[in-house]
Amino acid sequence: MNPVQTPNVMTLKGLRAPRVAMNGEAATRKPISLVCLINALGTGGAESMLYRLLANLDRAQFRVRVISLIDIMEPFGPKIRALGIPVDTLGMRRGIPNPFYAWRLARWLREDPPDVMQTWQYHSDLIGGLASRMVGRIPLVWGIRHSDHRPGVSKRLTLLTMNLCAKLSHWLPDRIICCSEASRRLHLEVGYAPEKMVVIPNGYDLEAYRPDPAARGGVFKELDIPEGACVIGMAGRFDPQKDYRNFIQAAAALHRSRPDAYYVLCGPDVTWGNGQLKTCIAEAGLQDRFRLLGRRSDIPRLFAALDIAALSSSYGEGFPNVVGEAMSCGVPCAVTDVGDAALIVGETGRVVPPRNPAALAEAWRQLMDLGPEGRARLGIAARQRITDHYDLPQIVHRFQSLFLELARPTA
């Protein structure tokens, strides 16, 4: 049995809300000016959720501007601009935050004062919080996206920034949005202001991510996978947090009893040109069973072609997007117990300890042994779970309600 089955009431408050304006006055009021500050607009869970939020935000109620701390715009910068939303960058360099950029942001905020500002990650929380104080008192919402930090693994600057933000959380932000229950628990432990914290999980577009029976044949042909093979896949950047070694070692363990399985991996730097990844697969003797696809723009199609989706991460996940995306496509998942992965999956898949390849391999074997019909039943339940708890319009409504509350407080 999975360790966690049902999201708590706090996480699910406000479900089944409509996309439209929440009262008749909204149509005659001036739109609320919202600034979203994020570290960068490259590939990542925060960037992806920001884009989904903005693509579904009620533009009759909100006038939005996005600012990135550093000049990394691909892939989400152009996508956000295509929504008609201006995107700027402060031009900060990677490394130690420079107070100059808080001053620059404050200058921009004075020129066009927003009604509310949301920041998305630690460095943005810090810079945005300082800037908001420089210009007066802009209502401020911080964002937390991590659920686990390990000294010696997590970057020292990240840990320092988190601890500084914990102290400032009692003074700077009005609210703190955590993307997961695991994130909320961790940050309470390090001293964040408990009365300001609220959990709003990620939401999923069930039209974009859906079962697609036609995808399987095309993907198998493209990747030269035999018809009838069982395919296990995962999407994620090549990063120690994702623990690709765990995935590959699990594949080696499974191969001894189920040599008919194939493995599809995709994400930035997940290619045969990655020497570390290539060597790990070669050591397992599974070069002919792995397909490394790099960055892909057709993730819904790839997920819909899988038999089993995996998450092999060892730490640091808050609310892993790929799990919800695969479940939305009707694919059962076997995941490591990091962040809110177990909470997302519930009883529709398998949850195993991180850094345990044998346990992950056994979870895959159990799902393979269910056969196509058994996996299909789990996949239907998985999509229904996303529909019930993480459907995007519900989540967008909760963000909008919070922005409205801060921008137009009740007298």
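No value in this document is a laboratory result; all are computed from the given coordinates. Here the structure is a predicted model, which is why all the values come from computation and not from measurement. All Cβ positions, even for glycine, are placed from backbone atoms using ideal geometry, and neighbour counts span all protein chains on display.
With a Förster radius of 22 Å applied to the beta-carbon distance between E207 and T43, the computed FRET efficiency rounds to 0.50. Think of the chain as a dipole: +1 on every Lys or Arg Cβ, -1 on every Asp or Glu Cβ, centred on the Cα centre; then among A46, A131, V198, A131 lies furthest on the positive end. Between the residues L302, L360, A341, the greatest Cα displacement towards the positive end of the dipole of the chain, with unit charges on the Cβ of Lys, Arg, Asp and Glu, is found for A341. Here the stretch 270-307 is scanned for amide nitrogen atoms under 16 Å from the site 7 Å beyond the Cα of A82 along Cα-to-Cβ, giving 296-301. If you look at the Cα atoms of the stretch 215-389, you get an Rg and a Dmax of 14.5, 43 Å. For the cross-link pairs K79/K278; K30/K79; K79/K221; K155/K196, the ones whose C-alpha atoms lie over 28 Å apart are K79/K278; K79/K221.
Report, in order of residue number, the helices in the chain meeting two criteria: a C-alpha extent of 15 Å or more along the helix axis, and a mean Kyte-Doolittle hydropathy of at least -1.0; treat each whole DSSP H run as one helix. Taking the DSSP H segments of the chain (at least 15 Å long, mean hydropathy at least -1.0), we get 45-56, 99-111, 122-134, 156-168, 244-255, 357-369, 371-389, 392-407.
In debye, nearest 20, what is the charge dipole magnitude of the stretch 215-389 about its Cα centre with +1 on Lys and Arg Cβ and -1 on Asp and Glu Cβ, if you could check?
Result for the stretch 215-389 is approximately 180 debye, rounded to the nearest 20.
Report summary: the helix-based calculation at 222 nm, which adds -39500 (n - 2.57) for every DSSP H run with n ≥ 4 and divides by the residues of the chain, gives -12500 deg cm²/dmol.
Positive-end ranking of F290, P226, L140 along the dipole of the chain, with charges on Cβ about the Cα centre, is headed by L140.
Given Cα pairs under 8 Å that are at least 6 residues apart, what percent is the relative contact order of the chain? Rounded, it is 18 percent for the chain. Could you tell me the relative contact order of the stretch 215-389? Use alpha-carbon pairs under 8 Å, at least six residues apart, and round to a whole percent. Taking the mean separation of contacting Cα pairs over the length of the stretch 215-389, I get 23 percent.
Model label points for K221 and F100, set 7 angstrom from Cα along the Cα-to-Cβ axis, are 5.6 nm apart. Distance from the alpha carbon centroid of the stretch 329-384 to that of the stretch 182-237 works out to 12 angstrom.
Among L402, L302, sorting on how many other beta-carbon atoms sit within 10 Å of each Cβ, with the fewest leading, yields L402, L302.
Based on the Cβ-Cβ distance from D71 to R256, what FRET efficiency comes out when R0 is 60 Å, to the nearest 0.05? For R0 = 60 Å, the calculated efficiency reads 0.80.
Here's how it looks for V352: its modeled amide H is under 5 Å from those of V335, T336, D337, which are all 5 or more places away or on a different chain. Global dimensions of the stretch 61-128 from alpha-carbon coordinates: Rg and Dmax equal 12.2, 37 Å. Calculate the FRET efficiency for W171 and R110 from the Cβ-Cβ distance with a Förster distance of 30 Å, rounded to the nearest 0.05. According to the calculation, E is roughly 0.90.
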